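*Asks:* First the structure, which I've put down as structure tokens, then a few questions once you've had a look.
What follows draws every value from the coordinates through simple rules; no lab data is involved. All of these numbers come straight from a predicted model, not from anything done at the bench. We place every Cβ from the backbone using ideal geometry, glycine too, and count neighbours over all the protein chains shown.
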Amino acid sequence: MPEQILQSLRYLKPEMALAVTFCVALLFDLFLRKKTRWVSLVAVAGLVATTIFVFEQVGVNESIFSNMFAVDSFSLFFKFVILLATGLVVVFSLNSDELNVGPRRLGEYYALLVSLTLGMFLMSGATNLLMMYLSLELTSISSYILAGYTKDAPDSAEASLKYVIYGALSSGLMLYGISILYGLTGAVDIYGINHALVGGSVSSAALLIAGVLTLAGFGYKISSAPFHFWAPDVYEGAPITITALLSVASKAAGFAMMIRFFKVTFFDPTASNLAAGYWASFQGFDWNVLLAIVSVATMTLGNLVAIWQNNLKRLLAYSSIAHAGYILMGVVVLSNEGLSAVLVYFVAYLFMNLGAFYTVMIIANKTGSEDIEAYKGLGYRSPFVAACFTIFLFSLTGIPPTVGFIGKLYLFAALINAQWIWLAIVGVLNSVVSLYYYVRIIRNMYLRDPEGEASPITFEPQYVLIMLVLVVPNLVLGLYFGPLVNLAQASVGMFGIH
């Protein structure tokens, strides 16, 4: 047993690096209270060390700690997405007036960012139901605190409280579903549950109830309907940096855990078309049909309600809900092609969504407003920022030649190849609806005169550099996407094999 633990610890270096970084950040904050910059440097150093350890695991396919945690290409892909998103958010935080103006201790803010990253790492590789629940709770608790970090903001406490209430409800439902699954199969690791389902007769009704209850926990994390109610209020009340991180990294971790749970647990190894990259679920529990319904409800609700929003953070919150619906379409397909499309879409979503939130943040720094009216005449007052924001919005819509178009192209191609034609049509129609509220912002920037003083808005070089870092991949990956697609397909190739 000690040898097995030591062997497993060899593959847990990234998570251990994050845990050590969290502790060191807290100590720095304790002894260097007035030097917050040091804590941010500790966080950056920890993320760099973690990235190195993650690179060392490329090509590894191991299940460690008695099937509690998987180290494979699928989890590594999501870890890179999470690391990149967190690193960018740390840089955003250093330039955020919302966080850096006023007497506020930010040492624990950066420590909590590292804690949140650790929870998301554990979510991406968890293969044991208890591990899934604990990693979800670690991520959630860190998120609750960070969402309410700007205590002086009028809606900050409300955002944090609503997040806690919805999170507690979803966690309780998920835990009840886990208990039913354990009662049915006598196992808590997803491979053991799958073997029990293959070898024995289990009540289809009980299995459906357990699956739906467990889906509640995942649905809350990815902000899918009907577990999306927390997202608009939390996104609006939280600091923009945390809103950006929750919309990308937290959603990625939730999808990674949900895909692994459903794909492995309810995988039927006797299916006839496995060689073609398709798999099947057990008869009597067609969970992909359930996810298709959730996908349609999520994208439709997100897009329709976004039309009425004037606050940009709230508008992007509903946009984020809609994108969760798009990503769910790739999971519905039940094929390697569908999953690789999900991975491609997440990379696209990372750059276009973080870019949109970063633009909202730096405009709020200058104007003090997140309202759509503050963007009137921005195309003349700050042409570069307005042009970049337009590219981000086009990418979110899925207009070529942006990477958002490539993400949606592969999603719809996977749906059509799997004969989910009606779902693809719903997705296309929703994309058309989303164009309306994105174009509202573009119209204000270029076709409306600014209110009041119309002096030019200038930004320091570091703001321009960060904007370029975000906008260039939106265009480059939209034209040269072959390596990204190949990487996504390779990451899915060995997924779920045990």
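*Asks:* So what is the relative contact order for the chain, in percent, with contacts set as C-alpha pairs under 8 Å and at least six apart?
*Replies:* Working: 793 pairs, mean separation 70.4, N = 498.
Computed value for the chain: 14 percent relative contact order.
*Asks:* From the P(r) of the stretch 303-498, can you give the percent of Cα pairs sitting at distances over 29 Å?
*Replies:* Numbers: 4994 of 19110 pairs.
Summing the P(r) of the stretch 303-498 above 29 Å gives 26 percent of all pairs.
*Asks:* Given the convex hull of the Cα atoms of the stretch 295-345, what is a quarter of its surface area in nm²?
*Replies:* Details: hull surface 13.6 nm².
Spelled out: convex hull of the Cα atoms, projected over all directions, averaged, 3.4 nm².
*Asks:* For Cα pairs less than 8 Å apart in space and 6+ apart in sequence, what is the mean separation divided by the residue count of the stretch 303-498, i.e. the relative contact order in percent?
*Replies:* Values: 242 pairs, mean separation 63.7, N = 196.
Normalised by residue count, the contact order of the stretch 303-498 is 32 percent.
*Asks:* Same structure again: Using Cβ counts within 10 Å as a stand-in for footprinting exposure, how do Ile307, Ile321, Ile362 rank, fewest first?
*Replies:* Numbers: Ile307 13, Ile321 27, Ile362 24.
Going from least to most buried by this count: Ile307, Ile362, Ile321.
*Asks:* Multiplying the sequence separation of Arg443 and Leu30 by 0.36 nm and subtracting their Cα-Cα distance, what value in nm do you get? Intermediate results must be reported in sequence, preceding the final value.
*Replies:* Working: separation 413, 0.36 × 413 = 148.68 nm, distance 4.84 nm.
Length gained between Arg443 and Leu30: 143.8 nm.
*Asks:* Taking just the alpha-carbon atoms of the chain, what radius of gyration and Dmax come out, in angstrom?
*Replies:* Every Cα atom of the chain included, Rg and Dmax give 22.0, 73 Å.
*Asks:* Between Gln419 and Ala196, what's the calculated FRET efficiency when r is the beta-carbon distance and R0 is 41 Å? Round to 0.05. Working shown, then result.
*Replies:* Numbers: r = 31 Å, r/R0 = 0.76.
Here the calculated transfer efficiency is 0.85.
*Asks:* What pairs from Lys13/Lys151; Lys221/Lys366; Lys251/Lys376; Lys366/Lys408; Lys151/Lys313 go past 29 Å between their alpha carbons? Present the calculation step by step, with values, prior to reporting the outcome.
*Replies:* Working: Lys13/Lys151 35 Å; Lys221/Lys366 32 Å; Lys251/Lys376 31 Å; Lys366/Lys408 34 Å; Lys151/Lys313 18 Å.
Over 29 Å Cα-Cα: Lys13/Lys151; Lys221/Lys366; Lys251/Lys376; Lys366/Lys408.
*Asks:* Okay, next question. If you average the alpha carbon positions of the stretch 364-389 and of the stretch 280-359, how far apart do those two centres end up, in angstrom?
*Replies:* Rounded to whole Å, the Cα centres lie 27 Å apart.
*Asks:* Moving to a separate point now. Once every DSSP H run of n ≥ 4 in the chain is given -39500 (n - 2.57) and the sum is divided by its residues, what mean residue ellipticity at 222 nm do you get, rounded to the nearest 500 deg cm²/dmol? Don't jump to the answer; show the numbers that get you there.
*Replies:* Numbers: 22 runs with 365 residues, N = 498.
Using -39500 (n - 2.57) per qualifying helix, the result is -24500 deg cm²/dmol.
*Asks:* From the square roots a ≥ b ≥ c of the eigenvalues of the alpha-carbon gyration tensor of the stretch 43-180, which class results: rounded (a/c under 1.5), prolate (a/b over b/c), or oblate? The partial results should precede the final answer.
*Replies:* Working: a/c = 3.20, a/b = 1.26, b/c = 2.53.
It comes out oblate by the Cα gyration axes.
*Asks:* A further question on this structure: If you put +1 on each Lys and Arg Cβ and -1 on each Asp and Glu Cβ, how big is the dipole of the chain around its Cα centre, in Debye rounded to 20? Present the calculation step by step, with values, prior to reporting the outcome.
*Replies:* Values: 24 positive and 26 negative charges, 89 e Å.
My answer is approximately 420 debye.
*Asks:* About the Cα centre, and with charges only on the beta carbon of Lys, Arg (+1) and Asp, Glu (-1), how big is the dipole of the stretch 124-276? Nearest 20 debye, please. Don't skip to the end; give the middle numbers.
*Replies:* Values: 6 positive and 8 negative charges, 59 e Å.
With only Lys, Arg, Asp and Glu charged at Cβ, the dipole is about 280 debye.
*Asks:* To the nearest 20 Debye, how big is the dipole of the stretch 303-498 about its Cα centre, given +1 on the beta carbon of each Lys and Arg and -1 on that of each Asp and Glu?
*Replies:* Numbers: 9 positive and 8 negative charges, 31 e Å.
Computed charge dipole of the stretch 303-498: roughly 140 debye.
*Asks:* Length gain on complete extension for the stretch Gln7 to Ser455, per 0.36 nm per residue less the alpha carbon to alpha carbon distance? Working shown, then result.
*Replies:* Numbers: separation 448, 0.36 × 448 = 161.28 nm, distance 6.24 nm.
Answer, rounded to one decimal: 155.0 nm.
*Asks:* Once you have a ≥ b ≥ c as the square roots of the Cα gyration tensor eigenvalues for the stretch 100-242, tell me rounded if a/c is under 1.5, and otherwise prolate or oblate according to whether a/b is larger than b/c.
*Replies:* On the way: a/c = 3.84, a/b = 2.17, b/c = 1.77.
Prolate is the answer for the stretch 100-242, as a/c is 1.5 or above and a/b outweighs b/c.
*Asks:* When you count, for each residue, the other Cβ atoms within 10 Å and take the mean per peptide, how do 337-344, 385-392 rank with the highest first? Please list the in-between numbers first.
*Replies:* Details: 337-344: 25.8, 385-392: 22.2.
Output ranking for 337-344, 385-392: 337-344, 385-392.
*Asks:* Net charge around Phe22, counting only other residues with Cβ within less than 14 Å of its Cβ (Lys, Arg = +1; Asp, Glu = -1)? Don't skip to the end; give the middle numbers.
*Replies:* On the way: positive: none; negative: Glu15, Asp29, Glu108.
Result for the neighbourhood of Phe22: -3.
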